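Here's the structure we're looking at; comments come further down.
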Amino acid sequence: MLSKNIQKIRELPKNFKPLEIKEYDLVELINDKEEYAKQGIAKGQRGCVMSEYATMDEVLVDFSGIDKDGNFYGNCILVNVNDLKIIND
């Protein structure tokens, strides 16, 4: 049974499109969406891509940091790759 399931997985299509965004790229959120706002993330915020793979065109981005007073802010969320711009600072 297990070998049949493994064979089915091996037969799945493997025509993934390559991502322009890579792991550890610095990115900026260029679109506001309700699901981002619920996590406290808004257009213009910058973050770091935490995965080299996208699932359903979404990558994990860390928008967290420490402010000047030593307080933690932000969140690490899934973001659609079309809502991100790579920052080349």
Under 19 Å between alpha carbons, and skipping anything fewer than 8 positions from K85 in its own chain: which aspartates and glutamates qualify? E20, E23, D25, E28, D32, E34, E35, E52, D57, E58, D62
List every residue whose amide H lies under 5 Å from the amide H of S51, counting only residues 5 or more places away in sequence or on a different chain, with H placed 1.01 Å from N in the peptide plane. Y24, L60
Considering only N5, I77, Y24, whose Cα is most displaced toward the positive end of the charge dipole of the chain, charges sitting on Cβ of Lys, Arg (+1) and Asp, Glu (-1)? N5
Student exercise, the stretch 21-86 dipole from Lys, Arg, Asp, Glu Cβ charges, in Debye to nearest 20: 160 debye
Can you give me the relative contact order of the chain as a percent, contacts being Cα pairs under 8 Å and 6 or more apart? 28 percent
What are the radius of gyration and Dmax of the chain, computed over its Cα atoms and given in Å? 16.7, 57
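FYI, it's all coordinate maths here, none of it is from the lab. The structure displayed is predicted, hence computed values, not measured ones. Note that we place each Cβ from the backbone using ideal geometry, even for glycine, and neighbour counts take in every protein chain shown.
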